[in-house]
1. Answer yes or no as to whether Gly136 is closer than 15 Å to Met21 by Cα and in a helix (DSSP H, G or I).
2. Is at least one residue of the range 293-310 without any contact (Cβ under 8 Å) to a residue 60 or more places away in the chain and within 15 Å of the ligand (Cβ to nearest atom)?
3. Might you check whether a residue that is in contact with a strand residue (DSSP E or B) (Cβ under 7 Å, 6 or more places away or on another chain) and modelled with pLDDT of 95 or more occurs anywhere in the range 23-38?
4. What is the residue count in the range 308-327 for residues that are over 20 Å from the mean Cα position of the chain (by Cα), within 26 Å of Gly197 (Cβ to Cβ) and buried (at least 16 other Cβ atoms within 10 Å of the Cβ)?
5. When the range 56-66 is examined, which residues are found to be more than 9 Å from the ligand (Cβ to nearest atom) and crowded, with 23+ Cβ neighbours inside 10 Å?
6. Can Ala155 be described as on the phi < 0 side of the Ramachandran plot, free of Cβ contacts under 8 Å to residues at least 60 places away in the same chain and of a type outside the set (Asp, Glu)?
7. Do you know which residues across the range 278-307 are buried (at least 18 other Cβ atoms within 10 Å of the Cβ) and among the small types (Gly, Ala, Ser)?
8. Do any residues in the range 250-266 that are in contact (Cβ under 8 Å) with a residue 12 or more places away in the chain have Cβ atoms under 7 Å from those of residues that are of a type in the set (Asp, Glu), where the two are at least six apart or on different chains, and which pairs are they?
Amino acid sequence: MKTRKLGEQGLTVSAIGLGCMSMTDIYGPADREESIATIHYALDRGVDFIDTSDMYANGRNEELLGAALDGRRKDAVLATKFGNLRLPDGKTGVNGTPEYAQAACEESLKRLGTEVIDLYYLHRVDPNVPIEETVGAMARLVEAGKVRFIGLSEAGASTIRRAHAVHPLSAVQTEYSLWTRDVEAEILPACRELGIGFVAYSPLGRGFLTGAIGAEADLAEKDRRRDMPRFTGENLARNLGLLASLRTLADTHGATPAQVALAWLLSRGEDIVPIPGTKRPQRIDENAAALDLTLGDSELAQLDATFPPDAAAGLRYPEPQMKRLGI
Ligand SMILES: NC(=O)c1ccc[n+]([C@@H]2O[C@H](COP(=O)([O-])OP(=O)(O)OC[C@H]3O[C@@H](n4cnc5c(N)ncnc54)[C@H](OP(=O)(O)O)[C@@H]3O)[C@@H](O)[C@H]2O)c1
């Protein structure tokens, strides 16, 4: 398995990771045993960069990982996150206070059944708490040996700079894929200037770029994507038109659209690590094989032309959640 460095503090991970969010029902029902088998298969193949959050299924996702990593902890580079809340009324909230950072970390360690988190992210920036205070608390978790490296998720460029001045960030995790290229304007350049690694989440466009979703009816009744503007009505119909050239390019290489989407991301820089999500062991090899798929300059130019930064119709999150991004 090829590896990539994240940041300048010594964190090295498999060049493609595994996102575990959908192992607890967010994109339709997930099977616990198959999910655990997926994690084991990934680790067997050297896909060691495993991503979760305390928010996913209110901690149940971390518990699932804890069970999967029992006896396998040393094989994994384990990343989790805090500060993004699902409130009892179903709405989302944030908490970046130092006290909460400390308490959330203790809870995550328990659920994950581990003594140390390899990479601990602030999941969403709390606009009511200076980032210096939140990152100061994260630095104390590093000093206490509970966390090895720290990062931010969905933070704006100026927040990244302020945070990095308090304690070096090893990674910033933000959505990045062919149909979501917002980070190219300011966030990725800031990370590069500061020597911070970039973790690309939803690198398959939440499944859209695989070509597997042809209509809203393809999504399960409680699939979260039904609330996402890009997956609904006229937006989805328009977005589906983007897939033809991806399919053609994939056919040229005897590859799948998912592999082309990941190969494109990997070509954007050695500092980028995509974390495709899957709950099926057979996808691990397919996604990892993107590391061996090299796209030519004219093919990359063709993808650039089909997927300019504003290519997708519709917001990438429902309107209220958009307010929590890029702070
Ligand atoms: N920091 C944040 O705020 C944030 C937000 C969202 C996600 N994330 C992280 O990023 C990870 C990945 O993002 P994501 O799961 O939202 O989206 P994604 O990786 O873009 O897409 C996942 C979807 O693609 C399908 N898929 C995966 N490989 C495939 C393949 N080769 N062919 C066809 N379908 C394939 C999966 O279905 P199957 O399971 O059926 O394979 C799943 O429905 C998450 O697990 C999570 O860890 C972070």
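The values are calculated or read from the model by the stated rules, or taken from the named source; none is laboratory data. Since the structure is predicted, the reported quantities are computational estimates derived from the model, not experimental observations. Please note: Cβ atoms are built from the backbone with ideal geometry, for glycine as well, and neighbour counts cover all protein chains shown.
1. The answer is no for Gly136.
2. Looking for residues that are without any contact (Cβ under 8 Å) to a residue 60 or more places away in the chain and within 15 Å of the ligand (Cβ to nearest atom), one finds at least one in the range 293-310, hence yes.
3. Within the range 23-38 (the criterion being in contact with a strand residue (DSSP E or B) (Cβ under 7 Å, 6 or more places away or on another chain) and modelled with pLDDT of 95 or more), the answer is no, since none of the residues qualifies.
4. Summing the residues that are over 20 Å from the mean Cα position of the chain (by Cα), within 26 Å of Gly197 (Cβ to Cβ) and buried (at least 16 other Cβ atoms within 10 Å of the Cβ) in the range 308-327 gives 1.
5. Within the range 56-66, Glu62, Leu64, Leu65 qualify.
6. No, not satisfied.
7. Once the filter is applied, which keeps residues that are buried (at least 18 other Cβ atoms within 10 Å of the Cβ) and among the small types (Gly, Ala, Ser), the range 278-307 yields Ala288, Ala290.
8. Listed pairs, sorted by first residue: Thr256/Glu286; Ala258/Glu286; Gln259/Glu286.
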